[in-house]
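Right, one structure below, let's go through it.
The values are calculated or read from the model by the stated rules, or taken from the named source; none is laboratory data. No experiment lies behind these values; they were computed from the predicted model shown. Heads up: the accessible areas ignore ligands, DNA and RNA and are worked out on the full protein's heavy atoms, side chains in. Shrake-Rupley method; radii C 1.70, N 1.55, O 1.52, S 1.80 Å.
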Amino acid sequence: MGSQSNGAKSKGAAIRESVQRREHRVPRHITHKEIAAMPRLRFTRGCESGIFISRERDESRFYSQGLCFHDADMDDLTWEGVSWDEAFYCMKGQLKIIVTDPEGNEAEFIVDQGDHFWGPAGYKYTMKATGVESINFWTTAPVLFTGWSDTGDAQGPAYHQMLLDDRLGLKKSSR
């Protein structure tokens, strides 16, 4: 039994050694100051997002994360949930989300501060102004192989490049 255990350990070590090293795939602590300084992707007037976990910046394989900032009178933001599932946690204020299914049926969700909303792919979503400034912490998954360059947003390619350029400032883990 001891030799099997040693064999399994050496097999695991061989697998770990065979994995290509990634300069930016390191554990790290991200401070609020870093998050606030991230370049913003403007979705519509009064609604923009700072993406602090991404394929471009962190070589993230499975998800992206960011903070989305909503002005009290933001323009409507509508998108088709085609490429990924999404989750929103309302950190401040309130979110108003209209969901339309493939048959055209609509449902309205009011997401208050401290509440969470999950939006699976396959629906059309519209975020509307709520009359109060709001911030949501979001996660999308899976990550597109192209990162943020092919999301359909007009600013996507430029934002993709900004995230790549931001890699230069990353600090490696102190381990």
| message | Exceeding 25 Å between C-alpha atoms, which entries from my cross-link table qualify? They are 33/92; 92/128; 33/128. | response | 33/128
| remark: Per the rule of 0.36 nm per residue minus the C-alpha distance, extending residue 110 to residue 34 adds in nm 24.4 nm
| query | In region 38-103, carbon and sulfur make up what percent of the accessible area (probe 1.4 Å)? | reply | 49
